[in-house]
Amino acid sequence: MSLKREVYEALEAVVGKRWISEDEFVLSGNRVKTPEVPFFYHTADAIIIPGSTEEVQKVLRICNENGICFVPLVSGVSAESFANRAGTVLIQLSRMNKIVEINGLDRYAIIEPGVRHVQLYPELRKRGLSYTAAAVGPGGSVLANFTSSSGDHHNQHNASRSNRYLLGVEMVMPDGEIVRTGSLATDSGWFCPDGPGPGLRGLMKGYFGNHGQLGIITRIAIGLTPCNGPSEIESGGISPNHYVRMISPCSKVYVFNFEHIYHVRDAMLKIGEAEIGATVLKYFYLPATLMMTNSANEFHEKWNGGYKEALSMPLVVHLATQSEKEMAYEEKILFEIMEETGGKRIPREIEKWWDEHMDFFMIVSRLQSVLRLGGGWMPIKLGSDSVTHMCEIGRSIGDFIHDFTDTGKIFDAPENYQIIPMEYGHFAHIELLVNWDRTNPAAGKGIGELRIRSRNNDLENKFHAETTGSLNANMEALGPLYSNCHLWLRRIKEAIDPNGIANPLM
Amino acid sequence: MDKLKKYEYSMDSCNHCGQCKWILPPKMHGWDFAEICPIHRYHRFDAYSGQGLLNISKEVLNGKLKIGEGLEKVLWSCTMCGACDVNCKSVRDIEVLETIHTLRTVCAEEGTAPESLLSMAKKVEETHNIYGESHDKRFAWLPEGFEDDKDSDTVLFVGCSAYTHPEIALAAIKILKAGGVKFRLLREEEFCCGASLWRGGLMADAEKLISRNMALFKEKGIKKIITACAECFGSFRGIYPRFGAMEAEVLHITQVAAKLLEEGKITLKTDGEMQKLTYHDPCMLGRLSEPWEAWEGEIKPYGLHVPEKKWRRGFDGVYAEPRAILEAIPGLETVEMPRNKEDALCCAYHSRETDGDMSACTAEERIREAKAMGAEKIVSACPFCLDALSDAMPMEDISVLLARYIEEGGAI
Ligand SMILES: Cc1cc2nc3c(=O)[nH]c(=O)nc-3n(C[C@H](O)[C@H](O)[C@H](O)COP(=O)(O)OP(=O)(O)OC[C@H]3O[C@@H](n4cnc5c(N)ncnc54)[C@H](O)[C@@H]3O)c2cc1C
Ligand code: SF4
Ligand code: SF4
């Protein structure tokens, strides 16, 4: 299908000839090409690259008037940024890429969608600031992360989740109207997330964008945190053998391994109670090994050569303190907790990798290496609740996953889940990561089945383990477990986007 | 299509993460100077990137996209700089650049190569240089009476660029003479290295020329090739081994010069002017010069390459020696651009004919980056980078710069 000539011309008149295309080879760049993806994707009718909020408004008006669906995207890494039905245009926001303001005093930054983590992070560090950067990699959109993704990240033990830091939002609705939330709505600046009355932030911010999306977000302000580390991090070497060192007596990473997830749970809770540690996470052992290696071959060698056992149930703890005295205190407490809960330091030759790759932004930037093993990769669950609840879910993964690991449908790493506590253990997030080999067509087929088994396990146990996600079927199944949120989401979507054109669900 | 099929694993392994478009995190600098793919930076559509070209390759392979219906526009817009490849391979085992190149060869075989490329190939065929200049004049710039060591098994390969930049070849000669290095020139037997043909995807032409050159090196008993040009260097190390074993050791003049300086075999004047400069890494001296090794094998489940593959990830390019030379020259202050070494931004010279606006815009960007770091001059080691960047900012070839400082044995 292609756009009617008059529609194409109207869109072209808004953005200019250079910033719209329906050439097949251009569309190809944003088509899903991977054989294992379990969904059927369509081809977009056109890709449009607007340069301003005004242009976005005009483009959406044209879409709305002509019943054309739109999908906003920046880097396009997520499964929700492709055309998922016929009659869709992609709205690529990479030209809207300004850091509008960094306010060090009030600690917020106003950004447009096209600003990437690898741009914002160093700008903030120069100013002694930081933010909750997720693990998507350097080219991911900060805005998309804050507004349209879980926002979970590795430092949330003390920094909390990124959605806590979403302040003012400017959003273009499907009919072209601009909605501004928080104090922004009354022209009172970007600082306050919710103004008087109900918080619109919650409506707009679904896990993957609310029910698809409600519109296009053109600017947000995010809250910043002070960063006591050095303004520039020592780095060197040539890729892939870079080193990134944070040489400071006030920054140390320890990695412990445990026998059982319940012991990890106890350790997490005690660390939280003691209010020590910047980062605490029960990490996935597969990505941990991948991140420490430079090729799939090296991975297999290390994985089979002891890493699998050494990191079978790892807890990574980053202590970042204001003074050496405080470091000594935190270390003392940490080791006492490990003594009580049975955490054993992993071999130093593995642990020292962290010293050469700090800080956590750098570490998570390497997370893309999880796709090195033949490419197939899927996060499952992604829910949040108490630490205890999350660890129970972690334990129960073993109830169904062996049917997949033992039969070679997915990589044999049954404990490959992470649990990251938030806000000193008041909350936690879980993610089960499965890898399969793309070159094996049968393997990809098992993924749908695994998702269903995982979901059924949650439903049977009333686990708050999954997100409702962007799949209609998932929403229907899980909604009742979450106070029928799916019904509310649908009503909001119908009210705000009656024509259902804003990134409709798959 | 069989050629393209070889890279299907790479095409399928890409998940649109975008690392091929953005600076590597250990080099991150700020909002500015964060993009590393010239064509994506200019065009913005994802098709214009390593990732996009993998998508396009896959769709050509499965018949969804037809050759000759426009994809050539993006394919030959690409500068083949390899930044996407290095960045992707910082976290992946994917052959981005090899896939792009293979798609070029497939399209060229189907007769869709751009006119400018075919015309250049014709010039090479007829005159043995990329400019279509008379072959007789290849060494016309040599001072009268210049003597080389005809029996030497070391050759100085000056490259086609000596037509346009004889000063680089002369500087290389001055450095070698000053350092007491014995070498010979191939004179009328020196033909183009073939890099432009290979890069363009004209494999038959490239193979013919490269095989001829390899046979010549063998016949002359050449044990060491020193190149004055980054393009020839990258070509001998990264391209030639695809056509047979390179028996001669290949060195760039900067590697030789850095060693001579280290060993005290050349001494430098101390009264040079004070200058703040920055070094621009040419792709063909840096990441693309990493030696190529054949790999034939099987990709087993979960990415295991059997036998183990030696990946070209940009690690083994020439980065340290040019910097050591600049360090050794008195009075110079060198500043690094954020996009440096294996992650340097290409000057985009090689797409001048096929995507002039993008090429000009990229050169402007590189100059902006140099100026933003406070540099008064760019120094590089490639005649093509010189042509791309020198219009808008003072620029000098590193050999020429070094030769100006050489104290003894200056005259050739
Ligand atoms: C290896 C890997 C690890 C990841 N780890 C994490 C993690 O730890 N935490 C986390 O939170 N996420 C994580 N993600 C998901 C990722 O962070 C988010 O998808 C991210 O925000 C993607 O940014 P992007 O530029 O790729 O956005 P895109 O893929 O382009 O878009 C993401 C979503 O946002 C929507 N969107 C984009 N721009 C706008 C806009 N302006 N207005 C409205 N909607 C918009 C898109 O339609 C799409 O649904 C991970 C992804 C990968 C591949
Ligand atoms: S080519 Fe590599 S770096 Fe680029 S999107 Fe694909 S996987 Fe990521
Ligand atoms: S080779 Fe260079 S220009 Fe071509 S896609 Fe890769 S980074 Fe972009």
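Based on the Cα atoms of region A:5-92, what semi-axes does the equivalent ellipsoid have, where each is the square root of 5 times one gyration tensor eigenvalue, given in whole Å with the largest first?
Semi-axis lengths for region A:5-92 are 22, 13, 12 Å.
Nearest 100 Å², what total accessible surface is buried between chain B and chain A (probe 1.4 Å)?
5400
With the cut-off at 15 Å, report for region A:382-436 the share of all Cα pairs above it, as a whole percent.
Summing the P(r) tail past 15 Å for region A:382-436 gives 47 percent.
Using only the alpha-carbon atoms of the protein assembly as shown, report the extent along each of the three principal axes, biggest first, to the nearest angstrom.
Taking max minus min along each principal axis of the Cα atoms, the protein assembly as shown gives 92, 70, 58 Å.
Tell me, what are the semi-axes, in whole angstrom and largest first, of the equivalent ellipsoid of region A:301-342 as set by the roots of 5 times the Cα gyration tensor eigenvalues?
Semi-axis lengths for region A:301-342 are 28, 13, 6 Å.
Please compute, over every Cα-Cα pair in region A:420-506, the percentage with a separation greater than 18 angstrom.
Distances greater than 18 Å cover 58 percent of the Cα pairs.
Starting with the highest mean, order A:262-273, A:327-338 by the number of other Cβ atoms within 10 Å, averaged over the residues of each peptide.
A:262-273, A:327-338
Please state the shape class of region A:244-461: rounded when a/c is under 1.5, otherwise prolate if a/b exceeds b/c and oblate if not, all from the C-alpha gyration tensor.
Oblate shape, in that a/c is at least 1.5 and b/c is the bigger or equal ratio.
Just to be sure I follow: if Rg is taken over the C-alpha atoms of chain B and Rh is the Kirkwood radius over the same atoms, what is Rg/Rh? Please list the in-between numbers first.
Numbers: Rg = 20.9 Å, Rh = 21.8 Å.
With Rg and the Kirkwood Rh in hand, the quotient comes to 0.96.
Dimensions of region A:255-319 along principal axes (Cα, Å, largest first)?
So the three principal-axis extents are 41, 22, 12 Å.
What is the projected area of the convex hull of the Cα atoms of chain A, averaged over all directions, in nm²?
Average of the hull's projected areas for chain A equals 23.1 nm².
Using the Cα atoms as the points, what is the convex hull volume per residue of region B:134-284 in Å³?
Cα-based convex hull of region B:134-284, divided per residue, equals 136 Å³.
Along each of its three principal axes, how wide is the spread of alpha-carbon positions in region B:301-412, in whole angstrom units, largest first?
Sorted from largest, the Cα extents of region B:301-412 read 59, 38, 30 Å.
Sort B:123-132, B:166-175 by the packing proxy (mean of other Cβ within 10 Å over each peptide's residues), most packed first.
Details: B:123-132: 17.6, B:166-175: 23.2.
Per-residue mean Cβ counts within 10 Å order the peptides as B:166-175, B:123-132.
If you take each beta carbon of peptide B:69-76 and count the beta carbons of other chains within 10 angstrom, what is the mean?
Per residue, the average neighbour count from other chains is 3.
Other chains near B:4-17: what is the mean number of their Cβ atoms within 10 Å of each residue's Cβ? Walk me through the intermediate numbers first.
Working: counts 0, 0, 0, 0, 2, 4, 1, 4, 9, 9, 4, 13, 14, 11.
Taking all residues of B:4-17 together, the mean is 5.
Out of all DSSP beta bridges with both ends in region A:5-92, state the antiparallel percent to the nearest 5.
Restricted to region A:5-92, the bridges split so that about 20 percent are antiparallel.
If you average 1/r over every pair of different alpha-carbon atoms in region A:357-493 and take one over that average, what Kirkwood value in Å do you get?
Hydrodynamic radius (Kirkwood, Cα only) of region A:357-493 equals 16.1 Å.
Determine how many Å³ per residue the convex hull of the Cα atoms of region B:207-297 encloses.
On the way: hull volume 12.8 nm³, N = 91.
Here the figure is 140 Å³ per residue.
Would you tell me the mean number of C-beta atoms belonging to other protein chains that fall within 10 Å of each C-beta in A:358-369, as a whole number?
3
Quick one: if you stick a label point 7 Å off each Cα along the C-beta vector at A:LEU487 and A:ASP385, how many nm between them?
Spacing of the two 7 Å Cα→Cβ label points: 2.1 nm.
Starting from a Cα-only point model with no solvent, please compute log10 I(q)/I(0) by Debye for region B:1-112 at q = 0.21, 0.22 1/Å.
Relative scattering, expressed as log10 I(q)/I(0), comes to -1.10, -1.20.
Output the Cα-based Rg and Dmax of region B:95-207 in Å, rounding Rg to one decimal and Dmax to a whole number.
16.9, 50
Hey, how many Å between the Cα centroid of region B:165-181 and the Cα centroid of region B:341-403?
With region B:165-181 and region B:341-403 each reduced to a Cα centre, they are spaced 22 Å.
Per DSSP H run of n ≥ 4, the term is -39500 (n - 2.57); total these for the protein assembly as shown, divide by its residue number, and report the mean residue ellipticity at 222 nm rounded to 500 deg cm²/dmol.
-10000 deg cm²/dmol
If the limit is 29 Å between Cα atoms, which of B:LYS177/B:LYS208; B:LYS89/B:LYS122; A:LYS282/A:LYS325; A:LYS17/B:LYS21 go over it?
Listed pairs above 29 Å: B:LYS177/B:LYS208; B:LYS89/B:LYS122.
What base-10 log of the normalised intensity I(q)/I(0) is obtained for region B:11-72 from the Debye formula, alpha carbons as equal point scatterers, at q = 0.12, 0.23, 0.25 Å⁻¹?
Evaluating at q = 0.12, 0.23, 0.25 Å⁻¹ gives log10 I(q)/I(0) of -0.35, -0.96, -1.06.
Modelled label-to-label distance, B:THR164 and B:ASP149, 7 Å Cα→beta-carbon offset: nm?
Distance between label points: 3.3 nm.
Where both partners of a DSSP beta bridge lie in the protein assembly as shown, what percent of those bridges are antiparallel, to the nearest 5?
Once the DSSP bridges in the protein assembly as shown are tallied, antiparallel ones form about 65 percent.
With r as the distance between the Cβ atoms of B:GLU336 and A:TYR329 and R0 = 35 Å, compute the FRET efficiency 1/(1 + (r/R0)^6) and round to 0.05.
0.35
The values are calculated or read from the model by the stated rules, or taken from the named source; none is laboratory data. Only a predicted model underlies this, so the values are computations on that prediction, with no experimental measurement involved. Using ideal geometry, Cβ is built from the backbone for each residue, glycine included, and neighbour counts are taken over all protein chains shown. Please note that ligands, DNA and RNA were not included when accessible areas were found on the heavy atoms of the full protein model with its side chains. Shrake-Rupley method; radii C 1.70, N 1.55, O 1.52, S 1.80 Å.
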